[in-house]
Amino acid sequence: MKFIYDNIGSITSHFYKTTLSPKKLKHQVNLRASMLKSKQIGCNDKVIILHGGTPTFFCDLFAVWEAGACAVCLNPDTTNNEIRNIISFLQASVVLVDDFNKYNLDCDVLNLAVDQPVKTSGQQNNHSNLDDDALMLFTSGTTGTPKGVVHTFRSLLARIEMNQLFIKKDHLSKTMCPLPTHFGHGLIGNCLTALLSGGDIILVPGGNIEVVSDLGGLIDHYKITFISSVPSMWKLVLQLSSRPENNSLKRVHIGSAPLSSELWNEVINWSGADEVVNMYGITETANWICGASSKLYDPDDGLIGTSWGGVIAVIDNNGNINKFGEGEIVVQTSSVMKGYFNLDKITGKVLKNGWFYTGDIGNIDLNGKIYLTGRKKFEINRSGLKIHPEEIDSLLERHDDIVEACAFSIPDNIAGEIIGIAVALKEDSDTTIEELIAWCSDKIIKEKTPDKWFIVEEVPKTDRGKINRDTVALECTKNY
């Protein structure tokens, strides 16, 4: 047993109005693990979980781990073709669902809520150890070559234990998770960290407009002490929801996308929480590895604070790893992934000599304070001038009429690349592109002012609430 269920908290689904007590959870985990073991599922087997955001999901997840197998958590909206592609790539043993009618798959599909274990002969392969595969999360490639991040039991436990060192236990007593449970922020940071601390979790569908509009009321109703989400959700909350009134909220985490100082301050004022923390984490490091709390720092663009366990450094253009300065962020942490499943060449590009190369650009000052300035792959090279699109996003979102902005590169025969920008304006705004350009003129140098402007109703995002610059660029420039 890798996880201790005796001290685990309860799980409540706001949408389904159901609560799973620790006692019932443990009972369900044992029943479902028996079902998996009866199917000869154990160490080295890959078990796809094709549902999420419910107490049932956690029953299945813990059952897979109790059997010693690796849980592969997928977005429930993944198409049949994508699922078949992943099944083939992983040689997955079984797919766990909560609705048989939703999927049409040529493999062993189980609903552990209704299936019953059967007696089988033969030795069960369920004797695993801490360095066996425990969790796989996909970051891309479900239609091509899947890119699955593999974590071991050891890396997961290391991350959860480090999170618990940096978060007060009473802050985790009542946690709300409005995020999907098929990626690290929602699953590891928001849910497992709290559950395995003995805290209760409340699952709410963060993409539901009714939930967002009444978030303050829900926090009061459930007496929430901790919530973690993404900037895009908070932008909607600030527009639509009244503030919580009972002062139960102690801690707010914001992560998975850049957080501007303006939005950070607005969440501080809205929430009334003791700490509002800008978090930095990556799927490959099992979620959070840095945090900047409003209790310790004044909000500032790009500020992610200091390490949450491990060593963080920067690598300069000459390949030197430095404690201070500017360059690509590299990390050493016990929660780093084992690698990308069956992608040794790609793994070798990011795991080098004990360091994980994040692909994020930042700087570390002499006090060890870390700032993110951009993403290496999205850097715009305009006639030799390197421009981070995140810097432009942050600037434009300070404009009173701009809800969201997303900068991206556009190929150009003369400059190599020029700057495109997608802008979502407030509904009642009559601001023109010419006025936006004029507004930029005394705030950034001419070379960093966007060349091509695209007014959009909404900046497209992934199911994780992240802006995908490639998708935004494609949508905006398809008729360009």
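Derivation of every value follows stated rules applied to the coordinates shown; laboratory data play no part. Source: prediction; values computed, not measured. Positions of Cβ are backbone-derived with ideal geometry, glycine not excepted, and every protein chain shown enters the neighbour counts.
How about the stretch 414-480: which trypsin sites (Lys or Arg not before Pro) there are in a DSSP loop, with at most 13 other Cβ atoms within 10 Å of their Cβ?
Details: sites: K426, K443, K446, K448, K452, K461, R464, K466, R469, K478; in loops: K426, K443, R464, K466, K478.
Passing sites in the stretch 414-480 are K426, K443, K478.
Can you tally the net charge around I402? Count Lys and Arg as +1, Asp and Glu as -1, for every other residue whose Cβ sits under 12 Å from the Cβ of I402. Provide the component values of the computation, followed by the final result.
Numbers: positive: K235, R398, K426; negative: E262, D393, E397, D400, D401, E404, E435.
Residues close to I402 contribute a combined charge of -4.
Which percentage, to the nearest 5, of the DSSP beta bridges contained in the stretch 379-477 is antiparallel?
Values: 14 of 19 bridges.
Roughly 75 percent of the beta bridges in the stretch 379-477 run antiparallel, per DSSP.
Which is the longest run of the chain containing none of the GluC sites (Glu not before Pro) found in DSSP loop states (not H, G, I, E, B) with at most 12 other C-beta atoms within 10 Å? Before the final figure, lay out each step's value.
Numbers: sites that count: E245, E427, E457, E458.
Result, exposed sites excluded: 1-244.
5 Å is the cut-off here: which amide hydrogens, built 1.01 Å from N in the peptide plane, fall below it relative to C73, excluding neighbours closer than 5 in sequence?
I49, M136
Under 5 Å between amide hydrogens, which residues at least 5 positions from I418 or on another chain qualify, with H placed 1.01 Å from N in the peptide plane?
Answer set, sorted by chain and number: I410, D412.
Could you give the length gained on full extension between K466 and C107, defined as 0.36 nm per residue of separation minus the Cα-Cα distance, in nm? Please list the in-between numbers first.
On the way: separation 359, 0.36 × 359 = 129.24 nm, distance 3.20 nm.
Full-extension gain reported as 126.0 nm.
Report the antiparallel proportion of the DSSP beta bridges in the chain as a percent, rounded to a multiple of 5. List each step's numbers first, then the result.
On the way: 55 of 89 bridges.
The answer is about 60 percent antiparallel.
For F183, F324, F356, which order do you get if you count the other beta carbons within 10 Å of each Cβ and list the fewest first?
Details: F183 25, F324 12, F356 21.
Ranking F183, F324, F356 by Cβ neighbours within 10 Å, fewest first, gives F324, F356, F183.
In degrees between 0 and 90, to the nearest 10, how far off the longest principal axis of the chain does helix 55-66 point, with axes built from Cα atoms?
70 degrees
Say each of N265 and E434 gets a label point 7 Å from the Cα, pointing the same way as Cα to Cβ; how far apart are those two points in nm?
Label at N265, label at E434, 3.2 nm between them.
Strictly over 23 Å apart at the Cα level, which of K39/K147; K295/K426; K23/K174; K23/K169; K147/K376 would you flag in this model? Each step should come with its number before you reach the end.
Values: K39/K147 27 Å; K295/K426 31 Å; K23/K174 18 Å; K23/K169 21 Å; K147/K376 19 Å.
With Cα atoms farther than 23 Å apart: K39/K147; K295/K426.
Check which residues have an amide H placed less than 5 Å from C290's amide H, if you skip close sequence neighbours.
Sorted by chain and number, the residues that satisfy this are Y280, W308.
Whole-Hz Karplus ³J(HN,Hα) for the stretch 274-283, in order, using 6.51 cos²θ - 1.76 cosθ + 1.60 and θ = phi - 60°, x for Gly and Pro?
So the Karplus estimates, Gly and Pro as x, are 4, 9, 10, 10, 7, 9, 10, x, 9, 3 Hz.
Put +1 on the Cβ of every Lys and Arg and -1 on every Asp and Glu Cβ in the chain; which of L74, Y222, G420 then has its Cα farthest towards the positive end of the dipole?
L74
What is the dipole size for the chain, taken about its Cα centre, with +1 at each Lys and Arg Cβ and -1 at each Asp and Glu Cβ, in debye to the nearest 20?
Numbers: 46 positive and 58 negative charges, 408 e Å.
My answer is approximately 1960 debye.
Quickly estimate the mean residue ellipticity at 222 nm for the chain, helices only: each DSSP H run with n ≥ 4 gives -39500 (n - 2.57), and the total goes over all residues, rounded to 500. Working shown, then result.
Details: 12 runs with 121 residues, N = 480.
Helices in the chain give a 222 nm mean residue ellipticity of -7500 deg cm²/dmol.
Going by how many other Cβ atoms sit within 10 Å of their own, how do S38, S256 line up, fewest first? Could the numbers behind the result be given before it?
Numbers: S38 16, S256 28.
By the 10 Å Cβ count, ascending: S38, S256.
Rounded to whole Hz and in sequence order, give me ³J(HN,Hα) for the stretch 252-260 from the Karplus expression 6.51 cos²θ - 1.76 cosθ + 1.60, θ = phi - 60°, writing x for Gly and Pro.
Here the 3J(HN,Hα) series is 10, 10, 10, x, 6, 6, x, 10, 6 Hz.
How much FRET efficiency would the formula 1/(1 + (r/R0)^6) give for S213 and S383, where r is the Cβ-Cβ distance and R0 is 45 Å, rounded to 0.05? Mind showing how you got there, number by number?
Details: r = 46 Å, r/R0 = 1.02.
My answer for the efficiency is 0.45.
Taking only C-alpha pairs under 8 Å that are 6+ residues apart, what is the relative contact order of the chain in percent?
After rounding, I find 10 percent.
So what's the angle, to the nearest 10 degrees on a 0 to 90 scale, between helix 261-271 and the longest Cα principal axis of the chain?
With rounding to tens, the tilt is 50 degrees.
Test of understanding: ordering I414, I419 by Cβ neighbours within 10 Å, fewest first, what list do you get? The partial results should precede the final answer.
Details: I414 6, I419 22.
Final ranking by Cβ density, sparse to dense: I414, I419.
Give the share of C-alpha pairs in each 5 angstrom bin for the stretch 379-477, from 0 to the last occupied bin, in whole percents, shortest bins first.
2, 13, 25, 26, 20, 10, 3, 0
For the stretch 306-322, what does the Karplus curve 6.51 cos²θ - 1.76 cosθ + 1.60, with θ = phi - 60°, yield as ³J(HN,Hα) per residue in whole Hz, taken in order and with x for Gly and Pro?
10, 5, 9, x, x, 10, 10, 9, 10, 10, 7, 5, 8, x, 7, 8, 10
How many nm separate the modelled label positions at K349 and Q164, each set 7 Å beyond the Cα in the direction of the Cβ?
For the pair K349/Q164, the computed spacing is 3.7 nm.
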